[in-house]
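Okay, so here's the structure we're looking at.
The values are calculated or read from the model by the stated rules, or taken from the named source; none is laboratory data. Since this is a predicted model, take the numbers as computed values, not measurements. For neighbour counting, all protein chains shown are included, and Cβ atoms are generated from backbone atoms with ideal geometry for every residue, glycine included. Only protein heavy atoms, including side chains, enter the accessible area calculation; ligands, DNA and RNA are left aside. Shrake-Rupley method; radii C 1.70, N 1.55, O 1.52, S 1.80 Å.
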Amino acid sequence: MISDFPFPLAKEAYRYSANLQPGGQRQATEAGSWGETITRVGQDYEDFIAERARILAADPGRLISVPYLRAAEWDTLLYLMRHLAAEYPADFEFTEPPAKGGQARWTNRRLGVTRDFIPGDPATLPRGQGPLEFIGRQVVEDLVLLDQREGHLWADAGLVTFASGWSFPFVAGMTFQEIHGPVPRANPEGVFARAEAFLMRLQPGEAYRRVNWAFQPGRMLDKSMDATAGWRAEAARVLAASPEAAAALAENVHLRVELQHLVRLETSGALLFLIDTRFLSLAELARVPGWAARAIAVLEELPRDMADYKGLTHLRPRIIDCLRRLVTPVRSGEKI
Amino acid sequence: MTGPGQVTARRTDLALAVASSIPLTADVRQLTLVARAGGRLPSYPPGASLGLRWRPGRVNSYSLTGDGDSPLAYRVSVLRVPGGNGGSAWAHALREGAAVEAIAPRSAFAPAARARRHLLVAGGIGITPLLSHARWHVRWGNEFALYYVDRPGRAPHLEELRDLCGARLRVYAGRDELRADLDRALAGQPLGTQLYVCGPLGMIDAVTAAARALHWPDGRISFEAFGAADEGPRAPFRASLTESGCRVEVSATETLLEALEREGLHVPSMCRQGICGECRTPVRSGRVDHRDLVLSAAEKAGGQWVMPCVSRAADSELELPL
């Protein structure tokens, strides 16, 4: 949907910054608005859930659970169930335990799941599933749990099936700053050191958000380094099928936006990092004139090292060209 | 209060009422506070503190002694401090039904999730955050021991701790008595043990020095001085705007950014937490009390910029070219 798409380009030039803002606030755009919820349950909910299940079956290593974050896993489950039920009451229902140690009830009408369970007791969840996996299979967001210790945040657990250009199994156990080591320009400017310092001071229940963006051929959710062969083949197929014909490129190349939330879990004190992935084709992008103009300006100005890091080295001129054609009215008799 | 799904980035103020006030010892009272609107209160991690506004612009922080999970009430134990700033006398005078304005729980002394064992050392009223820790460790089956020192007959929460901790609790009548046992304990902990100390500064110094002498790394030592506030004090000041000729009075309960916005000035802002740098504003004159994470040490020393979302005047006035 264009109307609730979190269009990420706020200025005519893009640089990395600690662009964190409070979560849960409505943000107006030229095409509508977004941002009033922490979770997202849209028309494509079942598609995301099925794709996550497929990836987990093929590569169970995308789920990483550690015993010392079990309290944080339960916090994650409760946080997400409460938010889903409050944000999408027609689809989800959560009944708190009547007293400590009592039974909670979770209903997910979209997937036909009803579960009575005792928070903190894994034996009351489906066999073999911890709290992170149980809730992770019912949300579209990638989930990473960060433990705070010794002056840093450590990404020690999570369920990530839709990474774009990174590998969760590879970075698991690293600090926040180590994970962001490859990002050009941002580290010398101290962006991630500042962001980490800020996140470590988040207080219980606080949620902040940021958006990240890229362009990609096709709309593969799993663009992780663990699945490079698969998405490279898919990207090549998409680009081959869209030669210089702008119309085909417009349908097949997408702006990929990650809406990321960082939440200080209330009871365990761990940080929960949520990543929701959205796609907008160039054709859809061009339907909002301000967005297309902004995208062209940003892409033209983007320094080479940043373009390389975003995988735009070869794609950039084709996207700019395509967007230009889409927004420029075609005069009769003119050849395209 | 935090009903399911209530989303706010900065949850600060809570409207509470006193449900009960009972004496625990001669100089400690336990206050039980509930939401004036009823219902569940925000959860909190062990060791978190609740800020109570006892006078306009003045906040005293008290450790929450519960387990923090979906509480229906908050409990704090307040030591009367004769000759203190007056906050503890105010808290002791509160009775059932009194309205209390509070700042939602803030965490600064949480358990280390990854530690394989937790060694808790408390002195006097310093027991309060570690009581919350002990509840957490019992709930999750974590390995821990609690060393508690106070004058005989004065130690709050002792019966409760005995029930909760059993043989994991050791009680000492004085610091010297603790010392011999503690040295043995510090020397004998398995690798990966986290040490937590809360009590008077003298006790914190003695225990942490003993641990360091036994080569405990700093990252394995957590401490919280009793009575330390977790918010810098906020004094009122004036912002004089040289372009518009306005004078803006910034009260102790608002930020400079909020005061400027109240006067109708548009200052671009985003995080409002001193991190993103969006609200960077030039300073014409006046010393700045820098509280942001954006400006470098050199920039802060230079005094030409202020982040009005968190920083304030160091003196009574700042002059801004707005």
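If a spin label sat at a point 7 angstrom from the Cα of residue B:235 along the line to its beta carbon, the backbone N atoms of the stretch B:245-263 nearer than 13 Å would be those of B:252.
Summarising the label geometry, the points placed 7 Å from Cα in the beta-carbon direction at residue A:240 and residue B:89 lie 8.5 nm from one another. Extension gain, residue A:50 to residue A:91: 0.36 nm times the residue separation minus the Cα-Cα distance gives 13.0 nm.
A Förster radius of 56 Å, combined with the Cβ-Cβ distance separating residue A:307 from residue B:214, puts the computed FRET efficiency at roughly 0.55.
Across the stretch A:34-135, Cα-Cα pairs farther apart than 24 Å form 25% of the total.
For the chain pair A and B, the interface hides roughly 3400 square angstrom of accessible area in total, found with a 1.4 Å probe. Under conditions of 10 °C and 1.306 mPa s, the stretch B:237-320 yields 127 µm² s⁻¹ as its translational diffusion coefficient, taking Rh as the Kirkwood radius over Cα pairs in the Stokes-Einstein equation.
Based on the Kirkwood radius over alpha-carbon pairs, what is the Stokes-Einstein translational diffusion coefficient of the stretch A:69-209 at 37 °C with 0.692 mPa s viscosity, in µm²/s? Mind showing how you got there, number by number?
Details: Rh = 16.9 Å.
D = 195 µm²/s.
Exposure check, 1.4 Å probe, all protein chains in place: residue B:116 carries approximately 150 Å² of accessible surface.
Applying the Karplus relation 6.51 cos²θ - 1.76 cosθ + 1.60 with θ = phi - 60° to the stretch B:31-44 yields 3J(HN,Hα) values of 9, 10, 10, 10, 5, 4, 7, x, x, 6, 9, x, 5, 8 Hz, where x marks Gly and Pro.
Rounded to the nearest whole Å², what accessible area per residue is found for chain A with the 1.4 Å probe? Each step should come with its number before you reach the end.
Working: 13870 Å² over 336 residues.
About 41 Å² of surface per residue is accessible.
Equivalent ellipsoid of the stretch A:257-336: semi-axes from √(5λ) of the C-alpha gyration tensor, largest first, are 36, 16, 9 Å.
For the stretch B:117-225, the percent of C-alpha pairs falling in each 10 Å distance bin, counted from 0 to the bin holding the largest distance, reads 15, 53, 30, 2.
The smallest convex shape that holds all Cα atoms of chain A, its convex hull, gives 139 Å³ per residue.
For residue B:300, the aspartates and glutamates whose Cα comes closer than 15 Å to its Cα, not counting residues fewer than 8 places off in the same chain, are B:289, B:292. At the residue level, residue B:65 shows approximately 0 square angstrom of accessible surface with a 1.4 angstrom probe and all protein chains present.
Each eigenvalue of the Cα gyration tensor of the protein assembly as shown, multiplied by 5 and square-rooted, gives one semi-axis; in descending order these are 47, 31, 23 Å.
Where the only charges are on Cβ atoms (+1 Lys, Arg; -1 Asp, Glu), what is the dipole of the stretch B:117-225 about its Cα centre, to the nearest 20 debye? Please list the in-between numbers first.
On the way: 13 positive and 12 negative charges, 30 e Å.
Here the size comes out at about 140 debye.
Dipole size in debye (nearest 20) for the stretch B:237-320 around its Cα centre, Lys and Arg Cβ +1, Asp and Glu Cβ -1?
Working: 10 positive and 13 negative charges, 30 e Å.
With Lys and Arg at +1 and Asp and Glu at -1, about 140 debye.
Within the protein assembly as shown, antiparallel bridges make up roughly 75 percent of the DSSP beta bridges whose residues both belong there.
Treating the beta-carbon of each Lys and Arg as +1 and of each Asp and Glu as -1, no other charges, what is the dipole magnitude of chain B about its Cα centre, to the nearest 20 debye? Could you put the intermediate results ahead of the total?
Numbers: 38 positive and 33 negative charges, 111 e Å.
Charge dipole, chain B, about its Cα centre: 540 debye, nearest 20.
In chain B, the convex hull through the Cα atoms has an average projected area of 18.8 nm², a quarter of its surface area. For the stretch B:13-75, the equivalent ellipsoid derived from the Cα gyration tensor has semi-axes of 17, 15, 13 Å, listed largest first. Of all beta bridges that DSSP places with both ends in chain B, some 60 percent have antiparallel geometry. Once the chain from residue A:232 to residue A:30 is taken as fully extended at 0.36 nm per residue, the excess over their C-alpha distance is 69.4 nm. Here the contact order of the stretch B:223-322, divided by its residue count and restricted to Cα pairs under 8 Å and six or more residues apart, works out to 33 percent.
The stretch A:168-221 and the stretch B:249-302 have Cα centres lying 25 Å from one another. Between residue A:2 and residue A:293, residue separation times 0.36 nm minus the direct Cα-Cα distance comes to 103.2 nm.
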